[in-house]
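In what follows, a structure is listed as structure tokens, so that the remarks can point back to it.
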Amino acid sequence: MNTTSMETKTTAIPKQFQIAEPIHQKHYLVNGSLETWDGPTTEVYSTIASGTPYAPTLIGSIPDMGEPEAMTALNAALVAYDEGKGVWPTMKVSDRIECMEKFVLQMQAKREQVVKLLMWEIGKSLPDSQKEFDRTVEYIRDTIEDYKQLDRNSAKFQKHEGVYAHIRRGPLGVVLCLGPYNYPLNETFALLIPAIIMGNTTIFKPAKHGVLLITPLLEAFNNSFPKGVVNILFGRGRAVAAPIMKTGKVDVLALIGNSKSANALQEQHPKSNRLRLVLGLEAKNPAIVLPDADLDLSIDECIAGTLSFNGQRCTALKIVYVHEDIKEEFLKRFAKRVDSLKFGNPWDKDVKLTPLPEPGKPAYIRELIDDALSKGASIINKKGGQQSENYIWPAIVYPVTKDMRAYQEEQFGPLIPVVSFKDIEEPLDDMAESNYGQQVSLFGKDVYTLAPLIDTLVNLVCRVNLNSSCQRGPDVYPFTGRKDSAQSTLSVHDALRSFSIRTFVAFKDNELNTETIEQLLETKLSNFISTDYIL
Ligand code: G3H
């Protein structure tokens with residue numbers, strides 16, 4: 001067992017990345033007003049140390065809200081929707097797009113602040129934090145373009161069996177939006193932005209980490225959308241989200257996180273048949289390394305897949321199956337690579353491994369390692385399991401068996417369980433038995449072996465990555481999963497569909513209707529009945 005400790009990174013912090021003063025967030029956004037909070041607050045600590053001896057750094061505080069504020073926000077969203085009569089759900093598509101364009105411009109101006117907070121709050125490296133911000137801006141721009149196309153495709157009438165139809169996509173109502181801590185900006189906005197643009201009204205509560213980074217954007221939300229369309233609360237899920245669900249007035253629960261919280265919230269809703277779900281949940285994506293795999297490439301991809309952002313990604317490779325014939329060579333080379341990765345603070349050059357934002361995570365990963373060791377596994381890499389106050393070095397644990405927690409649980413951190421197999425049916429059976437079904441990485445060359453495998457794997461998961469690590473992007477591709485891994489599909493295009501419903505005006509072909517529709521089109525009195533093209 002490797003219980004040696006590693007050094008906690010406390011090197012001097014470059015000036016441009018220092019947080020001059022803790023950010024005490026006193027505002028929240030409800031009903032078009034940045035309200036001031038004078039109730040209880042929760043301190044926000046970063047696990048990154050700013051001196052020696054090690055101590056977490058206080059970077060600010062956030063409001064600790066409860067049921068009364070939750071009800072005020074819900075009420076604001078309900079009034080703004082106004083049972084479909086509200087300004088926002090009935091607004092012309094081109095006007096909603098204009099509001100979103102205004103928002104994204106203001107958001108871009110906050111890049112530096114948001115990136116700095118991403119590093120401090122969740123320990124994401126500088127290039128990855130910048131990528132998260134830029135990818136989100138691009139996602140918003142792509143969403144606008146896709147919505148324009150969707151609208152162009154609807155600017156027409158169809159006729160079947162003597163009945164005309166003018167079909168569009170309309171909003172669903174009030175959306176409660178909850179994002180995860182590992183992509184507090186990108187994943188949250190991948191829910192919030194399509195929900196808003198489709199004409200829904202929203203209540204959004206940031207995740208447990210990565211909260212302060214939302215605060216520079218409050219004003220942009222407030223200036224860009226009509227009052228009540230976006231309401232932003234702070235606090236614990238059970239204090240804020242649960243009472244909102246209990247009212248039964250939420251039409252869509254949009255959550256990226258784990259199935260336990262999704263189920264608990266869903267159960268609060270008194271009429272589950274009325275609740276739409278857009279969920280991105282946990283996964284245990286396997287890598288399957290076949291005997292003829294290109295080892296250099298497989299190892300590169302398995303490093304990226306298991307350890308990008310320390311494995312704290314729902315798409316991370318969380319278990320690696322290696323064929324018996326190549327396991328020794330694979331493990332030897334893989335172990336060397338893992339131990340050569342650079343650990344440091346997010347702004348350090350070439351850093352790959354960074355402090356874990358959850359204070360209890362190193363101890364949790366240690367529990368999984370100890371459990372595996374007690375059941376017959378070993379740590380393959382020299383540094384594996386070395387621990388500091390805010391990190392635990394990624395351990396390659398082998399051979400992992402089904403009775404181990406490292407096999408059963410979604411570790412969501414730096415731990416790499418490895419299983420060897422003789423017969424390909426072994427990983428396939430495990431995947432079929434698993435509660436999860438998001439993605440798989442398949443490494444191999446022989447097309448006679450790959451073809452039947454691909455044909456089966458696409459029915460067990462929703463994305464088969466050939467000689468490539470698992471990932472969500474590019475964001476135009478469908479992001480979804482089977483079983484406990486997701487409900488609904490997200491992508492730039494699919495998200496617009498997930499947050500809307502087809503609704504239409506139909507009329508029998510007769511003189512009165514033709515004349516009425518012609519007048520409606522001519523006078524442009526209706527925002528729904530329109531054949532205008534948004535260019
Ligand atoms: O946490 C899950 C994210 O959707 C993963 O996205 O594959 O782009 O890192 P990514």
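Using the structure shown, decide if residue 287 is of a type in the set (A, V, I, L, M) and in a strand (DSSP E or B).
yes
Regarding residue 420, is this residue more than 30 Å from residue 530 (Cα to Cα), surrounded by 20 or more Cβ atoms within 10 Å (Cβ to Cβ) and in contact with a Lys or Arg (Cβ under 7 Å, 6 or more places away or on another chain)?
Spelling it out, residue 420 is indeed more than 30 Å from residue 530 (Cα to Cα), surrounded by 20 or more Cβ atoms within 10 Å (Cβ to Cβ) and in contact with a Lys or Arg (Cβ under 7 Å, 6 or more places away or on another chain).
Can you pull out the residues in region 394-417 that are open to solvent by 10 Å² or more (accessible area, probe 1.4 Å) and hydrophobic (A, V, I, L, M, F, W, C)?
412 - this is the single residue of region 394-417 that is open to solvent by 10 Å² or more (accessible area, probe 1.4 Å) and hydrophobic (A, V, I, L, M, F, W, C).
Considering region 432-470 alone, what residues qualify as being more than 19 Å from the chain's Cα centre (by Cα), under 13 Å from residue 305 (Cα atoms), in a loop (DSSP other than H, G, I, E, B) and not small (Gly, Ala, Ser)?
467
Out of the residues in region 7-36 that are buried (at least 17 other Cβ atoms within 10 Å of the Cβ) and assigned to a loop (DSSP other than H, G, I, E, B), which is modelled with the highest pLDDT?
Checked region 7-36; the qualifying residue modelled with the highest pLDDT is 32.
Which of the following residues is modelled with pLDDT of 95 or more and under 23 Å from the mean Cα position of the chain (by Cα): 416, 424?
Result: 416 is the single residue among 416, 424 that is modelled with pLDDT of 95 or more and under 23 Å from the mean Cα position of the chain (by Cα).
Kindly list the number of the only condition in (1) of a type outside the set (A, V, I, L, M, F, W, C); (2) within 16 Å of the ligand (Cβ to nearest atom); (3) not in a loop (DSSP other than H, G, I, E, B) that fails for residue 367.
Failing condition for residue 367: (2).
Any idea how many residues of region 259-291 are over 30 Å from residue 330 (Cα atoms), touching a Leu at 6+ places or on another chain (Cβ under 6 Å) and among the polar types (S, T, N, Q)?
Residues flagged as over 30 Å from residue 330 (Cα atoms), touching a Leu at 6+ places or on another chain (Cβ under 6 Å) and among the polar types (S, T, N, Q) within region 259-291 amount to 1.
Determine whether residue 429 is more than 30 Å from residue 142 (Cα to Cα), part of a helix (DSSP H, G or I) and not small (Gly, Ala, Ser).
yes
Run residue 498 past the list (1) within 16 Å of the ligand (Cβ to nearest atom); (2) more than 19 Å from residue 168 (Cβ to Cβ); (3) surrounded by 20 or more Cβ atoms within 10 Å (Cβ to Cβ) and report the number of the one that doesn't hold.
Of (1) within 16 Å of the ligand (Cβ to nearest atom); (2) more than 19 Å from residue 168 (Cβ to Cβ); (3) surrounded by 20 or more Cβ atoms within 10 Å (Cβ to Cβ), only one is false for residue 498: (2).
Condition first: in contact with an Asp or Glu (Cβ under 9 Å, 6 or more places away or on another chain), open to solvent by 10 Å² or more (accessible area, probe 1.4 Å) and away from the ligand (no atom under 16 Å from the Cβ). Can you find one or more residues in region 308-320 that meet it?
No, region 308-320 contains no residue that is in contact with an Asp or Glu (Cβ under 9 Å, 6 or more places away or on another chain), open to solvent by 10 Å² or more (accessible area, probe 1.4 Å) and away from the ligand (no atom under 16 Å from the Cβ).
Between residues in region 312-338 that are in a strand (DSSP E or B) and residues that are crowded, with 21+ Cβ neighbours inside 10 Å and among the basic types (Lys, Arg), which pairs lie under 8 Å by C-beta distance while being six or more apart or on different chains?
That search, which allows pairs on different chains as well, returns 318/284; 319/284.
Quick check on residue 276: is it away from the ligand (no atom under 16 Å from the Cβ) and free of Cβ contacts under 8 Å to residues at least 40 places away in the same chain?
Considered against the rule, which asks whether it is away from the ligand (no atom under 16 Å from the Cβ) and free of Cβ contacts under 8 Å to residues at least 40 places away in the same chain, residue 276 comes out as no.
Pull up region 244-261, narrow it to residues that are open to solvent by 10 Å² or more (accessible area, probe 1.4 Å) and out of contact with any Gly (no Cβ under 9 Å at 6 or more places or on another chain), then point me to the one that is nearest to the ligand (Cβ to nearest atom).
Among them, the one singled out is 258.
Tell me, which strands (runs of 3 or more DSSP E) wholly within region 74-183 include 3 or more residues that are away from the ligand (no atom under 16 Å from the Cβ), hydrophobic (A, V, I, L, M, F, W, C) and in contact (Cβ under 8 Å) with a residue 40 or more places away in the chain?
So the answer is 163-171, 174-178.
If you go through region 119-128 one residue at a time, do you hit one that is over 27 Å from residue 309 (Cβ atoms) and either open to solvent by 10 Å² or more (accessible area, probe 1.4 Å) or among the basic types (Lys, Arg) (or both)?
no
Only one of 348, 292, 296 is closer than 23 Å to residue 424 by Cβ, away from the ligand (no atom under 16 Å from the Cβ) and in a loop (DSSP other than H, G, I, E, B). Can you tell me which?
292
The values are calculated or read from the model by the stated rules, or taken from the named source; none is laboratory data. Bear in mind the structure is a predicted one, so any value in this text is a computation, not a measurement. Cβ coordinates were reconstructed from backbone atoms using ideal geometry, including for glycine residues, and neighbour counts include every protein chain displayed. Calculation scope for accessible area: heavy atoms of the full protein, side chains included, ligands and nucleic acids excluded. Shrake-Rupley method; radii C 1.70, N 1.55, O 1.52, S 1.80 Å.
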